[in-house]
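Undergrad: Sharing a structure here in structure tokens format.
The values are calculated or read from the model by the stated rules, or taken from the named source; none is laboratory data. Nothing here was measured: the structure is a model prediction, and the numbers come from that model. Positions of Cβ are backbone-derived with ideal geometry, glycine not excepted, and every protein chain shown enters the neighbour counts. Surface accessibility is based on the protein's heavy atoms, side chains included, excluding ligands, DNA and RNA. Shrake-Rupley method; radii C 1.70, N 1.55, O 1.52, S 1.80 Å.
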Amino acid sequence: MEKYQFDAEQLRMMERMRVPFAVYQFINRRVVTLVLSDGFCSLFGYQNREQAYYDMDHNMYVNDHPDDAARIADMAYRFAVEGGQYNAVYRTRASDGSGWRIIHALGEHVLTPEGVRLAYVWYTDEGAFVPESDAEEQASPKRLGAALSRSLREESVRLGMHYDFLTGLPDMTHFFELAESERDSIRRSGDRPALLFIDLSGMKYYNRRYGFDEGNALLRAFARLLAIYFGNENCSRFGQDYFAALTPAEGLDRALGQLFRDCRELNGGKSLSVRVGVCLMEPDSTSISAACDRAKLACDGMRNLYVSCVKYFDESMQKDADVKRYIIGSFDRALEERWIKVYYQPIVRAVNGRVCDEEALARWEDPEKGPLSPAEFIPILEDARLIYRLDLYVLDRVLEKLKVLRAEGLHLVPQSLNLSRADFEVCDIVEEVRRRVDDSGLPRSPVTIEITESIIGSDFEFMKEQIQRFRDLGFPIWMDDFGSGYSSLDVLQSLRFDLIKFDMNFMRRFNENESGRVILTELMKMAAGLNIDTVCEGVETEEQLRFLREIGCSKLQGFYFCKPIPLSALLARYRSGGQIGFEDPAETGYYESIGRTDLFDLSALTGED
Ligand code: C2E
Ligand code: MG
Ligand code: MG
């Protein structure tokens, strides 16, 4: 719907009127201001009509008492949506700074000759608000000002009981009650109720940058915006920066598009983007709280997005959530009962095919659900910030293995351990690793730390320091999955790694086109120039192997040589000896040829014979 245009003469006449009044139009769930009279500007203390128009369109309740703003926003919403009369009494800041004035607003809808519905609202000043019952009021309790002050004070008390103190939106419990009847009324009108779970993204960072007062101002402004679109009583602040709303599904996408645009202007443009999860409520008896959980699931699915976005709930999200609950719930048991196993994948030296390293990879063999892949459980444990326990468990198993091998007098190769970003946030992972390795009596150098560029994240200086600590202690550091993100080269410029492990995608796209191979060749030269060792992972074919040897990749890892296998299988392989090298791969078959390791003499490192 277009904004209605009065002709210029008509507009000028209305603006000149001394009576405080305004004309509004309701377009696409939003109140748009068409006219503000001189009387309106002087009543609300505006020297300048432009400022008044701006405030009405961007922050309509900026000068109103926080206890009243939510209520009148809701009345305005209902007036716009349901018609009838607007009849509101509320407090607004006195223009001379002397406290609060009581305003009485009366509004009606009027149809223009073209059939456009407009709202005309008249305002009256009912005198100063008396914050506490005083002698004068007690003497004449029936005086209008006294009666209004009393009922507004009662309103504040009522608000304190069921409404969020900061934003004036219903609190969660009250919202659940209100939403039940709103859901039924939406259904009666033939529409489908949609429950929205809304998250302002980056609120913590915002508070840190601008301070809590600005953070609170943004939350209040955002709540007002929600109230404009959905009605105050149909919205709630669940806490922190989480909100909810219940609204008809019809036209929702368009309304959200507009809300996202308005959101950018909030709080003088110092705003945040929003993530909205939507649960369309089926005609069955989905409860409001179940719908909230579903909408939240949809919203959580966008956690890594930092632009305003919407996602609708679907059943697969519920399944993912169930898996997540299971993994977190059974993690302790999985460690205790050793459902989590450590598999090892040999890495071979390109020149001779000898095993030169092994990567430790976690496997979850669940007695109920069967094998779970790391792609399933690792991100969940990372999110839940439990991954450090897995990583230290893997380290413990690796140290046990090294001790067994040492006792058997076998030659060993360094063991690669994967660490996640959350490890560094939850504990002092450098110290935890150091302590465990030192306590085991083993040297540090056979424990290699693999980290991906995504670990570096936003806190570059912190991670730089942690990596340096590992290196200073004598743990080799490898950069894993190089080329899988966008910042690999940046990271390489500022941090020193002992080795770069090229991401599996280079091999996956090996046959797609020439350019992947050209890029890999150049990257290999770069690594040589920087004097950094290289591994390529995901080697699956002989053709890939030949190519990688040609371009000078120093180490190789992939199913072509060996899949990740349990310790017992690995030991059986080593004990049985077998071929080393792959001078004649056709005859030996590499997969079976992983027999002997590079000589990594642990006794030399420990000072033993
Ligand atoms: P990653 O560190 O890049 O590990 C290499 C992954 O590539 C392993 O997958 C391995 O099985 C797979 N792979 C090796 N060669 C080939 C090949 O030739 N073809 C194909 N298609 N795949 C190959 P996996 O074990 O499923 O692990 C996936 C990722 O999970 C790992 O990627 C690592 O980021 C993470 N991860 C695994 N174990 C741990 C752990 O104990 N702690 C942490 N923090 N992350 C782990
Ligand atoms: Mg790795
Ligand atoms: Mg990798």
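Undergrad: With the requirement that a residue be surrounded by 16 or more Cβ atoms within 10 Å (Cβ to Cβ) and part of a loop (DSSP other than H, G, I, E, B), what does segment 250-273 give you?
TA: Those that are surrounded by 16 or more Cβ atoms within 10 Å (Cβ to Cβ) and part of a loop (DSSP other than H, G, I, E, B): S271, L272, S273.
Undergrad: Being assigned by TED's automatic domain parsing to the domain that holds P414 and either within 23 Å of P414 (Cβ to Cβ) or within 15 Å of ligand 3 (Cβ to nearest atom) (or both) narrows it down to one residue among G483, G457; which is it?
TA: None of the other options fit; the residue is G483.
Undergrad: Additional query: If you check V342 against the conditions, is it within 8 Å of ligand 1 (Cβ to nearest atom) and not in a helix (DSSP H, G or I)?
TA: In short, yes.
Undergrad: Which pairs turn up if I take residues in segment 531-548 that are in a helix (DSSP H, G or I) and look for partners that are open to solvent by less than 10 Å² (accessible area, probe 1.4 Å) and more than 12 Å from ligand 1 (Cβ to nearest atom) with beta carbon separation below 7 Å, at least 6 apart in sequence or on another chain?
TA: Taking only residues 6 or more apart or on different chains, the pairs are L548/A350.
Undergrad: Output yes when any residue across segment 479-489 is closer than 17 Å to K555 by Cβ, open to solvent by less than 30 Å² (accessible area, probe 1.4 Å) and more than 15 Å from ligand 2 (Cβ to nearest atom), and no when none is.
TA: Within segment 479-489, none of the residues are closer than 17 Å to K555 by Cβ, open to solvent by less than 30 Å² (accessible area, probe 1.4 Å) and more than 15 Å from ligand 2 (Cβ to nearest atom).
Undergrad: Out of the residues in segment 501-510 meeting the condition of being open to solvent by 60 Å² or more (accessible area, probe 1.4 Å) and out of contact with any helix residue (DSSP H, G or I) (no Cβ under 8 Å at 6 or more places or on another chain), tell me which one is nearest to ligand 3 (Cβ to nearest atom).
TA: Top of the filtered list is M504.
Undergrad: Would you point out which residue out of D38, D55 is over 39 Å from the mean Cα position of the chain (by Cα) and of a type in the set (D, E)?
TA: Being over 39 Å from the mean Cα position of the chain (by Cα) and of a type in the set (D, E) holds for just one of D38, D55, which is D38.
Undergrad: Looking at V276, V310, which is the one that is open to solvent by less than 20 Å² (accessible area, probe 1.4 Å), touching a strand residue (DSSP E or B) at 6+ places or on another chain (Cβ under 7 Å) and of a type in the set (A, V, I, L, M)?
TA: None of the others qualify; the one that does is V276.
Undergrad: Quick check on this structure: which one of D498, D472, D490 is modelled with pLDDT of 90 or more and away from ligand 3 (no atom under 16 Å from the Cβ)?
TA: Residue meeting the stated conditions: D472.
Undergrad: Does E382 meet the test of being within 16 Å of ligand 2 (Cβ to nearest atom) and open to solvent by less than 60 Å² (accessible area, probe 1.4 Å)?
TA: For E382, the condition - within 16 Å of ligand 2 (Cβ to nearest atom) and open to solvent by less than 60 Å² (accessible area, probe 1.4 Å) - is not met.
Undergrad: Moving on to the next point. Do you know which residues across segment 560-575 are under 20 Å from P371 (Cα atoms), assigned to a helix (DSSP H, G or I) and either open to solvent by 20 Å² or more (accessible area, probe 1.4 Å) or in contact with a Ser or Thr (Cβ under 7 Å, 6 or more places away or on another chain) (or both)?
TA: L567, S568, A569, listed by residue number.
Undergrad: Sticking with this structure for a sec: Could you check C356 against (1) within 13 Å of ligand 1 (Cβ to nearest atom); (2) in a strand (DSSP E or B) and say which number it fails?
TA: Exception for C356: condition (1).
Undergrad: Here's another thing I want to ask about it. Just one of E82, E132, E137 is exposed (fewer than 15 other Cβ atoms within 10 Å of the Cβ), farther than 19 Å from D67 by Cα and at pLDDT below 90; which is it?
TA: E82
Undergrad: Turning to a different aspect of this structure: Going through E592, E608, E587 one at a time, which residue ends up being open to solvent by 40 Å² or more (accessible area, probe 1.4 Å), assigned to a loop (DSSP other than H, G, I, E, B) and either at pLDDT below 50 or out of contact with any Phe, Trp or Tyr (no Cβ under 9 Å at 6 or more places or on another chain) (or both)?
TA: E608
Undergrad: Let me ask something additional. Find the residue count for segment 313-358, including only residues that are touching a strand residue (DSSP E or B) at 6+ places or on another chain (Cβ under 6 Å) and open to solvent by less than 10 Å² (accessible area, probe 1.4 Å).
TA: Within segment 313-358, residues that are touching a strand residue (DSSP E or B) at 6+ places or on another chain (Cβ under 6 Å) and open to solvent by less than 10 Å² (accessible area, probe 1.4 Å) number 11.
Undergrad: Kindly establish whether E365 is away from ligand 3 (no atom under 16 Å from the Cβ), over 23 Å from E537 (Cα atoms), part of a strand (DSSP E or B) and not assigned by TED's automatic domain parsing to the domain that holds M281.
TA: yes
Undergrad: Go through segment 403-433 and report how many residues are within 21 Å of I347 (Cα to Cα), more than 16 Å from ligand 1 (Cβ to nearest atom) and either surrounded by 15 or more Cβ atoms within 10 Å (Cβ to Cβ) or aliphatic (A, V, I, L, M) (or both).
TA: 7
Undergrad: Still on this structure: Taking segment 16-59 as the region of interest, how many residues are open to solvent by 30 Å² or more (accessible area, probe 1.4 Å), part of a helix (DSSP H, G or I) and out of contact with any Cys (no Cβ under 6 Å at 6 or more places or on another chain)?
TA: Number of matching residues: 9.
Undergrad: Next question, about the same structure. Quickly run through segment 534-559 and pick out the residues that are open to solvent by 10 Å² or more (accessible area, probe 1.4 Å) and either more than 16 Å from ligand 3 (Cβ to nearest atom) or under 11 Å from R349 (Cα atoms) (or both).
TA: Answer for segment 534-559, where residues must be open to solvent by 10 Å² or more (accessible area, probe 1.4 Å) and either more than 16 Å from ligand 3 (Cβ to nearest atom) or under 11 Å from R349 (Cα atoms) (or both): T541, E542, E543, R546, F547, R549, E550, I551, G552, S554, K555.
Undergrad: Among the listed residues G457, G529, G516, identify the single one that is open to solvent by 20 Å² or more (accessible area, probe 1.4 Å) and in contact with a Phe, Trp or Tyr (Cβ under 7 Å, 6 or more places away or on another chain).
TA: Going through G457, G529, G516 in turn, just one is open to solvent by 20 Å² or more (accessible area, probe 1.4 Å) and in contact with a Phe, Trp or Tyr (Cβ under 7 Å, 6 or more places away or on another chain): G516.
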